[in-house]
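Heads up: the structure comes next, in structure tokens.
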Amino acid sequence: MPFALYLLGLAVFAQGTSEFMLSGLVPDIARDLGVSVPAAGALTSAFAVGMVVGAPLMAGLARRWSRRGALLGFLVVFLGVHVVGAVTDSFGVLLATRVVGALANAGFLAVALVAALDMVEPDAKGRATSTLLGGVTLACVVGVPAGAVLGQLWGWRAAFWAVALVSLPAVLAVARSVPGGAAGFARPALRGELRALRNPRLRVTYQFLVGDAAHADPFNPVGAGG
């Protein structure tokens with residue numbers, strides 16, 4: 001596998017960690033920013049909403065850019081909002097960074113999947129996809145517990161800094177190794193992308209994600225409420 005593919009997987013690892021790590025950090029965030037625990041739990045819901053809505057929208061946006069430009073743009077935005085999240089004292093700003101970070105995550109993953117397949121020979125495409133998406137699995141197994149440990153040792157902001165730092169090598173890899181050709185998506189009308197958001201199955205998924213995040217036990221990083 002090309003080394004750049006592993007660095008793209010590292011970015012996916014950072015993004016997956018960011019998506020799930022707040023389940024163990026919500027009480028500390030609520031205490032530090034002076035909001036209730038349920039209000040702080042909305043940070044998880046915000047990311048879920050951003051991912052569900054952002055996937056078709058960001059794919060539609062990325063089709064207008066070069067592949068390298070799209071990956072760099074999404075990744076730099078993702079890294080930047082985590083820096084902002086690490087330094088802000090405003091809950092509203094932190095909430096906004098979660099939505100923007102989710103949109104960037106959705107766009108990056110869509111383009112990265114196409115880029116990964118083009119980096120390898122046809123008989124290695126399955127391995128390439130597994131290598132890239134393995135970052136999500138690794139995030140659940142390693143990243144989320146590591147984020148919780150960082151939060152306990154140095155505060156919740158340390159987890160945001162860690163996500164930003166882990167994303168940095170991928171920025172360099174994309175700039176140096178990913179070809180600058182078209183993003184590789186078919187070009188359906190953007191109106192069709194927006195219409196897809198009205199799909200009943202997608203709405204059920206959206207409601208499940210938001211409801212699950214809203215009822216999750218913030219003191220239990222694994223289990224959801226019920």
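Observations
- For region 46-89, the set of residues classified as open to solvent by 50 Å² or more (accessible area, probe 1.4 Å), closer than 29 Å to residue 151 by Cα and free of Cβ contacts under 8 Å to residues at least 60 places away in the same chain consists of 77, 84, 89, listed by residue number.
- Looking at region 49-165, the helices (runs of 4 or more DSSP H) lying wholly inside it that each contain 3 or more residues that are farther than 19 Å from residue 11 by Cα, of a type outside the set (Ser, Thr, Tyr) and out of contact with any Phe, Trp or Tyr (no Cβ under 6 Å at 6 or more places or on another chain) sit at 91-118, 144-154.
- For region 166-195, filtered to residues that are open to solvent by less than 20 Å² (accessible area, probe 1.4 Å) and assigned to a loop (DSSP other than H, G, I, E, B), the residue that is modelled with the highest pLDDT is 178.
- Residue selected from region 9-25 under the condition more than 12 Å from the chain's Cα centre (by Cα) and buried (at least 24 other Cβ atoms within 10 Å of the Cβ), by the criterion farthest from residue 135 (Cα to Cα): 25
The values are calculated or read from the model by the stated rules, or taken from the named source; none is laboratory data. Values in this document were obtained by computation on a predicted structure and should not be read as measured data. So basically every Cβ, Gly included, is an ideal-geometry build from the backbone, and we count neighbours across all protein chains shown. Quick note on the areas: whole protein, heavy atoms, side chains included, nothing else; ligands and nucleic acids left out. Shrake-Rupley method; radii C 1.70, N 1.55, O 1.52, S 1.80 Å.
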